[in-house]
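Down below is the structure, laid out as structure tokens.
The values are calculated or read from the model by the stated rules, or taken from the named source; none is laboratory data. Keep in mind that what you see is a predicted model, and the values were worked out from it rather than measured. Note that each Cβ is placed from the backbone with ideal geometry, even for glycine, and that neighbours are counted across all protein chains shown. Please note that ligands, DNA and RNA were not included when accessible areas were found on the heavy atoms of the full protein model with its side chains. Shrake-Rupley method; radii C 1.70, N 1.55, O 1.52, S 1.80 Å.
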Amino acid sequence: MKVLFAGAECIPFVKTGGLADVMGALPKAIGNVDVILPAYRGILDKLNTEDVREVYVPEMDKSCDVHLYHEGSTSYYFVQQDDYYDRDTIYGQEDDGERFAFFNLVVKDFALRRKYDIVHAHDWHTGMVPYLLKGKIKTVYTIHNLAFQGLFSKDIAEFFGKDDNSFYIWDQFNFMKIGIEHADWVTTVSETYSKEIMHKDYGCGLEAILRKRRKHVIGIVNGVDYSVFNPKVDPAVKVNYDIGSYELKKTNKTLLQEELGLHQSDGMVVSVISRITEQKGFDLLIGVIDKMLKHDIQFVLLGSGQKDLEKQFKKYLINPNVSINIGYDEVLARRIYAGSDLFLMPSRFEPCGLSQLISYKYGTLPLVRKTGGLADTVKDVKDGGLGFVFEKYTRKALLEKFEEAVQEYQTNRWNKYVLKAMKLDFSFGAKAAEYRQLYKKVMK
Ligand code: ADP
């Protein structure tokens, strides 16, 4: 069975969040999967691509070059169309609708020509693919985050040379809605999220559409690629460690404190690495940070996003126990995972979340809100788990749970949790089998 993954991000080439991690890890784990993605600025300069094919898209009267690059057992195809993708940023351009309409049309052409058995499309950026391939190639559509639907003016339909009522909702063209309605199967990235999105609170307006497709929607929790995220081999980690040399985590903590200008302390290092949005619970966090800082802790933030929230965190720059790092920094991120004790994810909603899984591997215990993939992957220490879980989306609930974690940190149980957490297996291995099974079902 030949499968093509289509998506907007993929490590190690381009990443803004978890989508890229999954696009990078899952094809390798499933096997016999090719990947197609746009060639954003700078990507091709760094790669030795082998083969270039020109593809003409008649619907938009525009051409592109599709470059092939092999890494390990995976073939990557990069769609080079400099008018669309040779820009400073990946998203957030005025013509995003047009840019990704083009990408969807290229994927259709490419998949038909190369006769894939299944095209597995990811997130809104590829939402038209299931529609364009209907009756020709089977499709699976994965929702990584329902909050980003790819909403544009109805004119976008013109790029496809088609008009269909199923394109629109709220008088707008909606890529994600189209993907959900037309794919043979729809997946989300955790079981809990697949159920949550059937309801108003989490469905982002598409709950009724999802309910209609209920029999073809499943949740498969994401995994982590341990060849990438692993303190034993991670080149960003200054002193590599694993379960056998766990005490070296402490050295990384000391080095992190040094790097971030924090004083040397055995107190708990509490960290957050995240897009700064309300989804991730930053409105809760900002309300309790003063109270958190009354304990013997140091707080480290790495992230970027909503300017108003960034500004509120920047106020803490003067606090000697706080390190605020606004920006995206893959190397620093890994050093923070390695040098921290507790990782916070007080998300309002969380389709899966990868950071809590990465944290486990680096021996950093997660404190999460019970929602989506966080509910599926983190159990409270009180219930025999290896993290801290609060349920209600309130500052009070977050703070209470945080204070429990601070107390637990004082006990000799903490090290035992850490060692057990590092042993957990959230690799994509078992998940790959679930996807293969799904593909078999899709092909029937
Ligand atoms: P989402 O995809 O919603 O952003 P996930 O938890 O699924 O959240 O994945 C986030 C990924 O992006 C993790 O690998 C995390 O380490 C990484 N990440 C998030 N923000 C930053 C940042 N500012 N710098 C470096 N890595 C980041």
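One table, with the values for the structure above:
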item: Extreme residue, nearest to the chain's Cα centre (by Cα), among residues of the stretch 59-116 that are open to solvent by 20 Å² or more (accessible area, probe 1.4 Å) and of a type in the set (Gly, Ala, Ser); result: 92
item: In the stretch 281-309, the residues that are more than 25 Å from residue 267 (Cβ to Cβ), open to solvent by 10 Å² or more (accessible area, probe 1.4 Å) and either assigned to a helix (DSSP H, G or I) or in contact with an Asp or Glu (Cβ under 8 Å, 6 or more places away or on another chain) (or both); result: 283, 304, 306, 307, 308
item: Some residue of the stretch 343-355 being among the hydroxyl-bearing types (Ser, Thr, Tyr), under 18 Å from residue 389 (Cβ atoms) and either open to solvent by 10 Å² or more (accessible area, probe 1.4 Å) or within 15 Å of the ligand (Cβ to nearest atom) (or both); result: yes
item: Within the stretch 386-407, tally of residues that are surrounded by fewer than 20 Cβ atoms within 10 Å (Cβ to Cβ) and in contact with a helix residue (DSSP H, G or I) (Cβ under 6 Å, 6 or more places away or on another chain); result: 2
item: Hits in the stretch 310-321 (condition: more than 16 Å from the ligand (Cβ to nearest atom), without any contact (Cβ under 8 Å) to a residue 40 or more places away in the chain and either open to solvent by 70 Å² or more (accessible area, probe 1.4 Å) or within 14 Å of residue 285 (Cα to Cα) (or both)); result: 311, 312, 315, 316, 317, 318
item: Among the candidates 328, 360, residue that is within 11 Å of the ligand (Cβ to nearest atom) and either in contact (Cβ under 8 Å) with a residue 60 or more places away in the chain or open to solvent by 40 Å² or more (accessible area, probe 1.4 Å) (or both); result: 328
item: Of all residues in the stretch 204-255 being away from the ligand (no atom under 16 Å from the Cβ), assigned to a loop (DSSP other than H, G, I, E, B) and closer than 12 Å to residue 363 by Cα, the one that is least open to solvent (accessible area, probe 1.4 Å); result: 241
item: Among (1) over 28 Å from residue 405 (Cα atoms); (2) touching a helix residue (DSSP H, G or I) at 6+ places or on another chain (Cβ under 6 Å); (3) open to solvent by 50 Å² or more (accessible area, probe 1.4 Å) - the single one residue 176 does not satisfy; result: (3)
item: Answer from 20, 29, 8, 25 - the residue that is of a type in the set (A, V, I, L, M, F, W, C) and assigned to a loop (DSSP other than H, G, I, E, B); result: 8
item: Some residue of the stretch 155-163 being open to solvent by 20 Å² or more (accessible area, probe 1.4 Å) and within 16 Å of the ligand (Cβ to nearest atom); result: no
item: Condition check for residue 35: part of a strand (DSSP E or B), of a type in the set (A, V, I, L, M) and open to solvent by less than 20 Å² (accessible area, probe 1.4 Å); result: yes
item: Residue 421 vs. criteria within 19 Å of residue 29 (Cβ to Cβ), part of a helix (DSSP H, G or I), touching a residue at least 60 places away in the same chain (Cβ under 8 Å) and out of contact with any Cys (no Cβ under 9 Å at 6 or more places or on another chain); result: no
item: Per-region count, the stretch 15-46, residues away from the ligand (no atom under 12 Å from the Cβ), of a type in the set (A, V, I, L, M, F, W, C) and touching a residue at least 40 places away in the same chain (Cβ under 8 Å); result: 8
item: Residue in the stretch 375-389 that is among the aromatic types (Phe, Trp, Tyr) and over 20 Å from residue 287 (Cα atoms) present; result: no
